[in-house]
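Written out below as C-alpha cells is the structure these notes cover.
Where a number appears in this text, it was derived from the coordinates with a stated rule and is not lab data. As the structure is a prediction and not an experimental result, all values here were calculated from the model.
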C-alpha cells in the first residue's frame, strides 16, 4: 500500500498517463481525418499551379518506360534470340523488361518472326487485348518487311500492315544485344512522348 | 527370324476394269494407276487387302492434267503401296477417301487448297493452311508470284 503513491508519481510525468486509453482504430481515423484533407489541399493547389499533366504524367512515363512488359509469344527463330536475351548472359530484366504470358498484363508486343496471313488476325486480336498505352517492336527482317519470304503467297510483307510499329530491329535473326538496343530506343521514344 | 514376304495381291482380279496400269517400284508393293471414276471401289478393295493406314495424299499439277497420289502402308505385309489417278485439268474431281480412311480428311483439304482438286463427298472441304477467304490455289503452275500488296487486298476481309 505504501509503494503505490511513488509509482503513481512516476506515471504522472508520462503524457496521457492519467487519461483513458484510446483504441488504435480511432487513432487511425483521427489521423486520416486530419491528413487526407491536408494532402488533398496541397495536391489541388499544386495541380492548379502546374497543371495535372506536368505533375502526374512524367511519373507514369518514367514508371512505364522502365518496366516494359513484352508479350511472351514466339513465331520463329527470332523467338530463340528473344528467349536468350532473358537468360543469364544478357539479362534483359535489368532494364525492367519481363515477358508476361497474358496480353492483358503487357504494354509491349515484340513480333519475333514470320507472320503469315493465317496468324494475322490472331496477332491483331492479341494487340487489341493489350491495355493502352502500348507499343510494338518488329524484331528481325521477317516482321519488318517479310524478309526472304516477302513474295511468298502466305506471308504478311511486314507486320506494319497489321499493327502500328514503333521500333524496327534489323537482323536475321538479330542478336540479343540488338533486341536490348531496340528496347532502349523504345524507352527513348517514350521519354519524348507528348501527351 | 525374318518374316517371309507377303504373297503378292492379285490386283487385276480385285480391281478389274478400274486398273489402268500396275507399275513395280523397288522396295514397295508398286504403284497402281486406276480410273478416277471407280475411285470409291478401288479404295475399298485396297483397304480390304490390308492397307489400313493412309500415309499421305498429294496433288500434282501437270499443266495438261492433274494427278492425285495416295501412299498407303500395310501393317500385315510391312509394305507401302502407291495409288495414283489422272484427272482432267478442266474438271479435276475425284471421290473422297474419307469414308475408307478417315485420316484423308486433312490431306484432301490440303490438296484442294494447293492444287484445286475437288473431292466429292468430303465432309468439310475448307481451307487448312491458308486463312478463310483466300482466293488462290498457290501451288498451281498458273499461279504467278504476286506483289505482296495484291495478296493483302485479297485477304484483307478476313
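Quick rundown of the values:
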item	result
Rounded to 10°, Cα long-axis angle of helix B:39-48 versus longest principal axis of chain B	40
Chain B: most fluctuating residue of B:120, B:40, B:13 per GNM, C-alpha cutoff 10 Å	B:13
Interatomic Cα distance distribution for the range B:11-155, bins of 10 angstrom, percent	11, 40, 32, 13, 5, 0
Cα centroid of the range A:120-143 to Cα centroid of the range B:69-138, whole Å	35
Rg ratio (alpha-carbon, reference 2.2 N^0.38 Å) - the range A:37-132	1.50
GNM result for chain B, Cα springs below 10 Å: residue of B:91, B:122, B:53 fluctuating most strongly	B:91
Three semi-axes of the equivalent ellipsoid, the range A:126-195, Cα gyration tensor, whole Å, largest first	23, 16, 9
Relative contact order, percent, chain B [alpha-carbon distance under 8 Å, six or more residues apart]	17
Over the range B:76-144: Kirkwood hydrodynamic radius from C-alpha pairwise inverse distances, Å	13.4
Calculated SAXS-style log₁₀ I(q)/I(0) at q = 0.17 Å⁻¹ - the range A:63-195, Debye, Cα scatterers	-0.84
Normalised contact order of the range A:31-169, rounded percent, pairs of Cα under 8 Å and 6 or more residues apart	20
